[in-house]
Amino acid sequence: MRHRLFLRLAVLELLLFVAVKAVFAQGPDTIRMMQYNLMYYTTTSGVSDCNSISNNLDTKDTHIKTIFQYVKPTVFCVCEMGSQNLYADRLLNNAINTDGIDYYRRGPLTNQSGGTIANMIYYDSRKLTLYKSTNLTTSYRDINGYTFYYNADNLDSKDTIFMTFWIAHLKAGDSPNNEELRLVQVQKLMSRIANSGLPGNYTFSGDFNIYSSNEPAYQELTEYSNSLYRFYDPVNSPGVWHNNSQFSSLHTQSTHTQSTDCFSSGGLDDRFDIILVSPYIYYGSDRIHLVEGSYHALGQDGARFNGSILSPSNNSIPSQVANALYQQSDHLPVIMDMTIDAHVGVPVYKPDFRVNIANPVRETLQIDFQHDKPGKYGISIYATDGHLVMTRLEDLDAGVHHLSYPFPFQKGVYFAVFTDESGQKSTLKLIHY
């Protein structure tokens, strides 16, 4: 019996391998994401020395266009956009959809929290379609979420790939009060994500104004109580980032050593601009995969601690791009690539229920289960040799359920098989260490 079960699992793995190979044989698509603080893309910044002369939008458009055409992002997330639609439209028409490009679109702009600056997202409509948008009002600025589905061929409603990009500009300042305000802001985000249903493919990016991985806001994001909803840092570099040469390659602010007009001074010595990803992107659990090693700050070669983006000489990017970064903002954009697996429409069987596991599993196995009708659902965990190590039968009402079980087994790879009363099954791999 054990050998037959092992054979069935091996066949299942082989079929999954063949399906994945079929996708990659034709080349997975890439979603390139860029997060950028534009430094007051508005004529009404509220800062006395940052005005239409010192921070001229025609000049900024030219520099943003240079940067944008060099990076060619699929998704462009920005902070410090003027909080009126005229600014969001201006950037789209003057710096993005230019030189024969006409396929980028933008999301809706919100400013429920007040102020002169807001967040915005621009996207390549050939690859993505905006499904919905959400804004969270905080005591300082809105946090915006934009959910897209991927424009793949032959994907029906059960097999559409969704992804959500959350953007925030958290409260600035290194005082305990400002740290507390940042914590309250991200607590609102985490509560919203955890209460909105099953986790999935999402990112959180922006100007976080965080000085250290020990700060409560960062801990709330990366050590959230339910590990299914935690964010992961693609570079996994904990420590005190502020004014620490150990983290020179991660610093994004400031591009200037001297304070002039709108620009902050001090050189590159802070990691304010960050992209975090959900566990499902980090581990590639739902057909969107973080490309290892792709995360970087544009123009940051690690050799300019407390220096500018121009000095010492920067050979990591073309000189015109380095100059555009210097003239445009006191922040550097952060870039990350993700691959998407199902753009060729490989048929994928899916049961009428959804289930996710928080990988990796440590002392506790955490499962999120969603279904539209009440019933009995079986959970069976197998070792790779076919040995059944755990089984549960749950009688569940319709809706979303968060299940948690002790997992006192040897470290390694396991298979979790979920079954409903009609015999529909879903098999997931889990990693225990």
Listed residues Lys376, Lys65 arranged by accessible area, highest first, probe 1.4 Å: Lys376, Lys65
Restricting attention to the stretch 97-193, which trypsin sites (Lys or Arg not before Pro) occupy a DSSP loop and are surrounded by at most 12 other Cβ atoms within 10 Å? Arg126, Lys158
Count the net charge of all other residues whose Cβ sits under 11 Å from the Cβ of Asn356, scoring Lys and Arg as +1 and Asp and Glu as -1. -1
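What accessible area per residue, rounded to a whole number of Å², is obtained for the stretch 260-308 using a probe radius of 1.4 Å? Write down the numbers at each step before the final one.
On the way: 1600 Å² over 49 residues.
Averaged over the residues of the stretch 260-308, the accessible area is 33 Å².
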³J(HN,Hα), Karplus 6.51/-1.76/1.60, whole Hz, each residue of the stretch 165-171, x for Gly, Pro: 10, 9, 10, 8, 10, 6, 4
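Hey, which of these cross-link pairs are over 28 Å Cα-Cα: Lys127/Lys376; Lys373/Lys411; Lys65/Lys127; Lys60/Lys171; Lys132/Lys188; Lys132/Lys373?
Values: Lys127/Lys376 39 Å; Lys373/Lys411 35 Å; Lys65/Lys127 21 Å; Lys60/Lys171 24 Å; Lys132/Lys188 19 Å; Lys132/Lys373 26 Å.
Distance filter (> 28 Å) returns Lys127/Lys376; Lys373/Lys411.
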Cβ-based charge dipole, the chain, positive-most Cα from Met190, Ser45, Leu86: Met190
Between the helical axis of 2-25 and the dominant principal axis of the chain, each derived from Cα atoms, what acute angle in degrees is found, rounded to the nearest 10? 30 degrees
What accessible area, in Å² to the nearest ten, does a 1.4 Å probe give for Tyr122? 0 Å²
In degrees, nearest 10, range 0 to 90: what is the angle between the Cα axis of helix 57-71 and the longest Cα principal axis of the chain? 40 degrees
Which distance in Å, rounded to a whole number, links the C-alpha centroids of the stretch 188-219 and the stretch 399-417? 24 Å
For the stretch 114-132 and the stretch 279-307, what is the centre-to-centre distance using only Cα atoms, to the nearest Å? 21 Å
Compute the long axis of helix 319-328 from its Cα atoms, compare it with the longest principal axis of the Cα atoms of the chain, and write down the angle in degrees, 0 to 90, nearest 10. 80 degrees
With runs of 4+ DSSP H residues as the only contributors, calculate the mean residue ellipticity of the chain at 222 nm using -39,500 (n - 2.57) per run, divided by the residue total and rounded to the nearest 500. -6000 deg cm²/dmol
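Under the classification rounded if a/c is under 1.5, otherwise prolate if a/b is larger than b/c and oblate if not, where does the stretch 304-433 fall, given a ≥ b ≥ c as square roots of the Cα gyration tensor eigenvalues?
Details: a/c = 3.16, a/b = 2.46, b/c = 1.29.
Taking the square roots of the gyration eigenvalues as a ≥ b ≥ c, the stretch 304-433 is prolate.
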Report, by chain and number, residues whose modeled amide H sits under 5 Å from the one on Tyr131, excluding near sequence neighbours (fewer than 5 apart, same chain). Thr147, Phe148, Tyr149
Roughly how many Å² of Glu179 are accessible to a 1.4 Å probe, to the nearest 10? 60 Å²
Go through Ile340, Thr260, Gly100 and say which Cα lies farthest out towards the positive end of the charge dipole of the chain; charges sit on Cβ, +1 for Lys and Arg, -1 for Asp and Glu. Ile340
Could you work out what % of the accessible surface of the chain is carbon and sulfur, using a 1.4 angstrom probe and leaving DNA, RNA and ligands out of the count? 49 percent
Taking Cα pairs under 8 Å and at least six residues apart, what relative contact order does the chain come out at, in percent? 15 percent
Order Tyr40, Tyr140, most accessible first, counting only protein heavy atoms with a 1.4 angstrom probe. Tyr140, Tyr40
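The values are calculated or read from the model by the stated rules, or taken from the named source; none is laboratory data. Quick caveat: nothing in here was measured; it's all calculated off a predicted structure. Every residue, glycine as well, gets a Cβ built from its backbone with ideal geometry; the counts of neighbours run over all protein chains shown. With ligands, DNA and RNA removed, areas are computed over all heavy atoms of the protein, side chains included. Shrake-Rupley method; radii C 1.70, N 1.55, O 1.52, S 1.80 Å.
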